[in-house]
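As structure tokens, the structure follows; a few thoughts come after it.
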Amino acid sequence: MKNTVVRLFSSRIVQLITGLTVGLICLYLAFKNIAWWEVQKTILQADPTYVYLALGITTANVVLKILRWQMQLKADNSRLPLRGVSTSFLSAQMLNVLAPIRLGELQRIYVVGGSGSTHGFVLGTIVTEKFLDLLAYAGLIGVLFLWIPLPEWLGGPATALIVITLIQAAFLFIFALKRSFFIGLAEWFSQRFSTSSQEYLLSNLHAGFDSLDIIRQPVIALKLSLLTACIWSAALITNYWLLLALDIQAPLAASLLVLIAVQVGISLPALPGKLGVFELSCILALDFFGVSRSFALSYGILLHAVVLIPVLIPGLFSFLYLQLSNAPLLPRPPGSGAS
């Protein structure tokens, strides 16, 4: 047990050091040889109408993500308060932004799942949520590939992502369709554990598979797909409106390239808030369309602020709210032996 804790702690230290190193390098590259007076002037002259519109649709984007997750959580017919689900989601998003390691997902599992066998169910909803986003992201890469030639620096990561998405899709459908086989395998494997550990493992495994049942329900799967499409469309519109706000002469394809580049960038270990990585991704994407570094950095800073404000401010209040309410939001199934 001690060795496990040491290894876990060591891996977190490595992640923190890696994130700090990568973040500082990206920060240096993004801010290198920049005329700061031009950046300041560009941001201050941004059209406030488009900035407010971008803030509004980014906020709507967050709301759509909350509604999508609540729909997933309701798959087991639980009556979940929207306020509780919202505060848990917003608090988790804030933690994901501020922490170099994604603590927010653990927070969602334990706040919504409480201490019972619903941990597995909540984890399953998060896995499905990430898969839907990854599938949409791969689709956008395909659209961009048909629209414009991909930059060399994006070709490799884009191809790798599409392959990963196809592999994940195959595994997810196999798990959903061959549920009894994997449960049987887990029951055989868990025989070496104590009774309480065995009950906890199996109850959470059953709950996790229950969360995947939405894949086999066409109506719910279609609704989740439509919500996911709206979420990514809102992000694309945000990017485009901020191009208009700064009067950057670039086509709609630039907004899509920025969206894809930023997602590639923020997947890397980085500083809190993805500072540096986010801005450098915007610079690389807009450079493809001939936008100067100063204008591209101005755009990156403004876009970063617009994306973070609807997450950090509500997330902070949500985090404080959750400290005053420790009750699980998702009720434990009757007869659960977990503790």
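The values are calculated or read from the model by the stated rules, or taken from the named source; none is laboratory data. If you're wondering where the values come from, they're calculated on a predicted model, not measured in any experiment. Neighbour counts are summed over all protein chains in view; Cβ atoms, including those assigned to glycine, are modelled from backbone coordinates with ideal geometry.
General observations
- Ser196, sole failed condition from (1) assigned to a helix (DSSP H, G or I); (2) farther than 16 Å from Val264 by Cα; (3) at pLDDT 80 or above: (3)
Let's see how each residue does on (1) under 16 Å from the mean Cα position of the chain (by Cα); (2) touching a residue at least 40 places away in the same chain (Cβ under 8 Å); (3) surrounded by 18 or more Cβ atoms within 10 Å (Cβ to Cβ); (4) farther than 30 Å from Glu199 by Cα:
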| residue | (1), (2), (3), (4) |
| --- | --- |
| Val122 | yes, yes, yes, no |
| Thr125 | yes, yes, yes, no |
| Val143 | no, yes, no, yes |
| Glu152 | no, no, no, yes |
| Gly155 | no, no, no, yes |
| Thr159 | no, no, no, yes |
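- The listed residue being crowded, with 16+ Cβ neighbours inside 10 Å and either assigned to a helix (DSSP H, G or I) or modelled with pLDDT under 80 (or both), out of Thr21, Thr49, Thr58: Thr58
- Filtering the range 256-279 to residues that are of a type in the set (A, V, I, L, M), farther than 27 Å from Ala229 by Cβ, surrounded by fewer than 24 Cβ atoms within 10 Å (Cβ to Cβ) and at pLDDT below 75 leaves only Leu271.
- Restricting attention to the range 267-300, the residues that are under 20 Å from the mean Cα position of the chain (by Cα) and touching a residue at least 60 places away in the same chain (Cβ under 8 Å) total 13.
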